[in-house]
Amino acid sequence: MSPAIETTNLTRDFGKFRAVNQLNLRVEAGRFYGFLGPNGAGKSTTIKMFTGLLAPSGGSMRILGEDLSDPRRALEVKRRIGVVPENLALFDNLTAREHLTFIGRMYLLPPATIRARCDELLAMMDLAHEEKKLTLEFSHGMKKKLALAAALIPNPDLLFLDEPFEGVDAVASRVLRDTLKQCVGRGATVFLTSHVLEIVEKLCSDVGIIARGELVHQGTMEELRRDGSSLEDKFLAVVGNGEAEAQKLSWLEA
Amino acid sequence: MNWEQLKTILWLRWRLTRNQWARSGGLGAVIAAVVAVSMFVLGGVSFAGALLGGIFGLGEAKPPVIMGIWFGVTVAFLFLWLIGLLNELQRSESIDLQRLMHLPVALGQMFVMNYLVSHLALSIVLFVPAMMGLGLGLVISRGPAMLWLIPLALGMVFMITAWTYCLRGWLATLMSNPRRRRTVIMGITAAFILLAQAPNLYFNVILRFGRPTPGATSAEARRQRDANKSFNQEKFNQLVAAQKFIPPLWLPVGARALAEGRVLPAWLGTLGCFALGALGLRRAYRSTLRFYHGESGGKAAAQIKTVATPTATIPTPAKAGTRFLELRLPAVPEQAAALALATFRSMLRAPEVKMAWGTSFLVTLILGCSLLFRTAPKLPEAVKPFIATGAVAFSIFMLVQFLANQFGFDREGFRALILSPADRRLILIGKNLACLPVSAGFGVLLLTVITVWLHLSLSVLLAALFQLVALLLLVGLVGNLLSILVPYRIQHGSMKPTKMPGLAMLVMMVCQMIFPVAMIPAFVPPLAGLLWEKAGWPDAVPVNLLLSIALAGVAGLAYWQMLAPLGRLLQRRETKILGVVTVEVE
């Protein structure tokens, strides 16, 4: 079985700044992968490259066994993935149901399936009572929930979620976690980034940590637990918290 | 606010501007500098021109003439000011007060600073120096009493800018509800268009009934002309009397009074203008504070309902809006149809698009009314096909900004298109189809008007309809190319492109200027028909119609053939387009 995601020396430059540096990542199919890193480490840039929102400057990658740089194969890959990008991807002037209907049709789902899934997703995300609101009137959390629903509607084999729990209320967050577990349970792969280490620790089977554009750790949660350390310990150890601890605010010390 | 804080605020404003320039590249900075220098020069020229005019042209002029000139200046200033207002309906603060409210600075002073910066508008740069020049010129040529014109003119400008500032603040409060915002924008646009077209309607529709009847005897015609003359004089007198009750027109009233040697009206006008202006500014400040303190949304807040969390999934029947998005378009691939319907629905709800389409529709309607109320001119038959083709081209031209920038209105939504698995050819077809109802609708509307007005023959009408089809295809093709190569982001709620690199802006402007070239082929069939007729060949051959059908066929073929390469080009450039249409601007 080919891995869901495989990269070789994947690199992305913005002018002189290297956001992602020779990333070699391998995510097996059917795994729940948590991608961690401090702010500005390159997490979102990496997800953007995986989903075709950003072209790599160097290296190669295969998503679901296909090369995204081949335009024909790229569309095939997109049929099988669902994405919640960093800045979402919503049309301002559509309602939630309209947006989901549109996405469903773009994935060539039958009309009856679209309706049924819309109903379920809107209820699950607690958006069913906001039928008349346009997405531009949504709060950030509501937008995030709609983007999640849009990612789930095609029932994808691979889900890319950039900070899916940020701004989402506790109820929806719980429902979402259960849904993602269900997805993985039926064989799908989930690749998510998050700042909340506890969520990643609870949900993910695998974890990768990126810092300053480089992959500094990759392994399973089992391996981590065997070492007897928590994810937070590991994160701080590989990302480096020594400097932060050493720096004190002089005027608070007195 | 102390001096250090003021310096910091000025520094902040400068840094924001400088960073914007830096982001728009070297060319952008050059363009900004050229615009700044041009405005300075324009102000100088208008001052000098008005000064010379006042000295040498109006020294001996009668008071009504002086009043007429000031009336013209005032109306022109108001018109240009109104265009500026329409261009930027909501107040865009030079320095956002909301970001400073938690800091220890006096908001009142910040407010005044923002108000002063709002004066950097073309209407002010052009007309205030002109008013000053004209006033000084009249002082030199007619005596020091005319000096009152300077404070009177400044008072009028102050009054207009203060109330405009107040209006913009009120609109900002009103538009904090994004839905209400659309209605406001549409309403104001429609009001502006009707206002701008009022003279056209008045002269071409209402006054038309007072013109001598064609075929009347010379005595009757003279009697009608005399009656009209006295009617017009009466109207003029009424207009002059009405000026006293319209504050912005106190300036021409004051100018006339000063020219007649009466100072009191000008003095009262000045006081009145400054008092009204101060009232407007005070109101603007208070409403601004209320807005930022969140005290203006009482009604909206009261309407928030507590909604129970649904406990079970109950399938609901599709709402009307969703049913529209579920429509299947005959012979159109599923993904193209989905995109066409979603884009069309989205555009119908977008204030900026409604504003632009509403403008086009109203202009067409007013133009049509003006034409229909006139008797059909005795045009040679040979010219009529060109007029029909021109109408078709005109209807398409009004939509250039949509067709040439089809992804700019998607903004964040364009990301959904990139992520979608749809063939990029279908995305282009979907986008073109979304504009079709409006572009074809305008074309057919205009053709109907022209047909009724000029009594077009069936052959010419059919030829024009085929030309419309051909143009839609050709313009769609060129529009697709431009949308892919030079996209630009359109700000939500306006038709203005957001700031972009200077070179991109230049390319975009040049491309849109040469866009009408795509319409030239439509004029080939009527031209060929004319040449055929001039050559004296048989009239029975409808050359215009036949060539129009052929043109539509060729355009269809070209569109189809170019679809695949354009689709590939879109796929290659989609991440670049995304970068452009999703960039947020400060």
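For A:LEU36, the residues whose modelled amide H falls within less than 5 Å of its own, excluding neighbours fewer than 5 places apart on the same chain, are A:GLY208, A:ILE209, A:ILE210.
For the pair A:ALA29 and A:SER60, a Förster radius of 25 Å applied to the C-beta separation gives a FRET efficiency near 0.85, rounded to the nearest 0.05. Peptide packing: for B:468-477, A:127-136, B:382-391, B:60-69, the average count of neighbouring Cβ atoms within 10 Å per residue gives the ranking B:468-477, B:382-391, A:127-136, B:60-69, highest mean first. Just so you know, the Rg over Rh for chain A is 0.99, from Cα atoms, with Rh as the Kirkwood radius.
Taking a sphere under 15 Å around the Cβ of B:PRO421 and counting the other residues whose Cβ falls inside, with K and R at +1 and D and E at -1, yields a net charge of +2. Each of B:LEU433, B:LEU462, B:ILE520 was scored by the projection of its Cα onto the charge dipole of region B:411-537, and the greatest displacement toward the positive side belongs to B:LEU433; charges sit on the C-beta of Lys, Arg, Asp and Glu.
Exceedance of the 30 Å cut-off in Cα-Cα distance is limited, within the set A:LYS144/B:LYS431; A:LYS16/B:LYS431; A:LYS16/A:LYS181; B:LYS235/B:LYS378, to A:LYS16/B:LYS431; A:LYS16/A:LYS181; B:LYS235/B:LYS378. Averaged over the residues of peptide A:118-128, the number of Cβ atoms from other protein chains lying within 10 Å of each residue's Cβ is 3. The B-A contact accounts for approximately 4100 Å² of buried accessible area, totalled over both chains at a 1.4 Å probe radius. Computed from phi, the 3J(HN,Hα) profile of region A:114-122 under the Karplus parametrisation 6.51, -1.76, 1.60 (θ = phi - 60°) reads 4, 4, 5, 5, 4, 4, 5, 5, 5 Hz, with x in place of Gly and Pro. Counting only Cα atoms, region B:533-584 measures 61, 24, 13 Å along its principal axes, largest extent leading. How many percent of all Cα-Cα pairs in region A:37-186 sit more than 17 Å apart? Percent of Cα pairs beyond 17 Å in region A:37-186: 63. What separates the Cα centres of region A:118-181 and region A:47-67 is a distance of 25 Å. Each of A:GLY187, A:ILE153, A:THR113 was placed along the dipole of region A:104-199 (beta-carbon charges, centred on the mean Cα), and the one lying farthest toward the positive end is A:THR113.
Share of chain A's accessible area from carbon and sulfur, percent, 1.4 Å? C and S atoms contribute 49 percent here.
Rounded to the nearest whole Å², what accessible area per residue is found for region B:510-586 with the 1.4 Å probe?
57 Å²
Electrostatic tally near B:ALA162: other residues with Cβ closer than 10 Å to its Cβ, Lys and Arg +1, Asp and Glu -1, net +2. Legend: calculated FRET efficiency, B:THR17 to B:ARG572, from the Cβ-Cβ distance at R0 = 51 Å, rounded to 0.05, equals 0.90. Per residue of B:334-345, other chain Cβ atoms within 10 Å of the residue Cβ number 4 on average. The packing ranking of peptides A:199-205, B:33-39, highest mean first, is A:199-205, B:33-39, where packing means the average number of other beta carbon atoms within 10 angstrom of each residue. Working from label points 7 Å from Cα in the Cα-to-Cβ sense, the B:VAL35 to A:LYS181 distance is 5.6 nm. Determine, from the Cβ-Cβ distance of A:HIS140 and A:ARG79 and an R0 of 35 Å, the FRET efficiency 1/(1 + (r/R0)^6), rounded to the nearest 0.05. Result of the calculation: an efficiency of 0.75. Counting only other chain Cβ atoms within 10 Å of each residue's Cβ, the peptide B:415-428 averages 6.
The values are calculated or read from the model by the stated rules, or taken from the named source; none is laboratory data. Quick caveat, the model's predicted, so the values are computed rather than measured. Glycine also receives a Cβ, built like all others from the backbone with ideal geometry; neighbour counts cover every protein chain displayed. Side chains are part of the model used for accessible areas, which takes the heavy atoms of the whole protein and leaves out ligands, DNA and RNA. Shrake-Rupley method; radii C 1.70, N 1.55, O 1.52, S 1.80 Å.
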